[in-house]
1. What pairs can you find where one residue is in the stretch 46-73 and under 22 Å from Glu95 (Cβ atoms), the other is β-branched (Val, Ile, Thr) and surrounded by 15 or more Cβ atoms within 10 Å (Cβ to Cβ), and their Cβ atoms are less than 8 Å apart, with a gap of 6+ or different chains?
2. Which one is modelled with the highest pLDDT, of the residues in the stretch 1-17 that are part of a loop (DSSP other than H, G, I, E, B) and surrounded by 23 or more Cβ atoms within 10 Å (Cβ to Cβ)?
3. Looking only at the stretch 18-37, which residues are at pLDDT 95 or above, outside any helix (DSSP H, G or I) and crowded, with 21+ Cβ neighbours inside 10 Å?
4. Considering every residue within the stretch 81-90, establish whether at least one is without any contact (Cβ under 8 Å) to a residue 60 or more places away in the chain, acidic (Asp, Glu), within 22 Å of Gly203 (Cα to Cα) and in a loop (DSSP other than H, G, I, E, B).
5. Got at least one residue in the stretch 161-170 being more than 30 Å from Pro98 (Cβ to Cβ) and either surrounded by 21 or more Cβ atoms within 10 Å (Cβ to Cβ) or of a type outside the set (D, E, K, R) (or both)?
6. Hey, could you check the stretch 171-214 for residues that are in contact with a Pro (Cβ under 9 Å, 6 or more places away or on another chain) and of a type in the set (Phe, Trp, Tyr) and say which is surrounded by the fewest Cβ atoms within 10 Å (Cβ to Cβ)?
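The values are calculated or read from the model by the stated rules, or taken from the named source; none is laboratory data. Note that the structure is predicted; figures quoted are calculated from it, not measured. A quick note on method: Cβ atoms are made from the backbone with ideal geometry, for glycine too, and the neighbour counts reach across all protein chains shown.
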Amino acid sequence: MAATRKRLLVSGPKGGIGKTTLARNMAVAAALDGLSVAMLDLDMQRSLTKWYSKRPDEMAPIAHFEAGMDRVTKDALAGIADFDLLVIDTPPSIEDHPEAFRLLADAANLILIPTGQSDDDLDSVRPWMRFVRKTKTSGEAAFVLNRVKPRARSFTEAKSMLVRDGRVCPIELPDYEDVAFTSSKGIGLLELRGAKGTEYVAGIWSFVRTELGL
């Protein structure tokens, strides 16, 4: 049994910032790129698991696992093997599990912290990034702006604020209805023919793949 090559951790301290949206779309993008992919759902709301349960059989293959934060151990992570990439989705209350998070952070090759452009989101994710950078002993972490309105002044202001605390993915995901539509179908945006926003998902995945060295 070969160890999983890379682990991508999607985390944030609050709900509604797009963790599951980002996790599933990165998993789909990787699978469409020919990589063997697994997902691990650690959120007790099981949004990623519910999405996966709707996934059509003919779509790009993705393996799926689920557990609670109390089940996070080195052995459990090592048990998900023989994949090119493991994408890990975390609960909004992840700061309530500091030891489990430290283990996940150390095991991850890259941590993505999605965020909207509102003050509520920024006030939450900026200190979280500072905590992540102190906690993680190796690898990188980056913000990903999600569900944004690029023409709004608050978008530019949000980017300017985020770069003070950490790296920012150069590609963001605008607020398109097709993103929500694919959630109800168990597919990724890149799997919906004619979907609006596919170039943004592809761009974020290109950033992630380069960062992971895949």
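1. Ser47/Thr20; Leu48/Thr20; Glu66/Thr49; Met69/Thr90; Met69/Ile94
2. Among them, the one singled out is Ser11.
3. Within the stretch 18-37, Val37 is the sole residue that qualifies.
4. No, every residue in the stretch 81-90 fails to be without any contact (Cβ under 8 Å) to a residue 60 or more places away in the chain, acidic (Asp, Glu), within 22 Å of Gly203 (Cα to Cα) and in a loop (DSSP other than H, G, I, E, B).
5. Within the stretch 161-170 (the criterion being more than 30 Å from Pro98 (Cβ to Cβ) and either surrounded by 21 or more Cβ atoms within 10 Å (Cβ to Cβ) or of a type outside the set (D, E, K, R) (or both)), the answer is yes, since at least one residue qualifies.
6. Phe207
This table checks each residue for (1) surrounded by fewer than 18 Cβ atoms within 10 Å (Cβ to Cβ); (2) under 29 Å from Asp175 (Cα atoms); (3) of a type in the set (A, V, I, L, M, F, W, C).
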site	(1), (2), (3)
Glu58	yes, yes, no
Asp75	yes, no, no
Thr90	no, yes, no
Ala100	no, no, yes
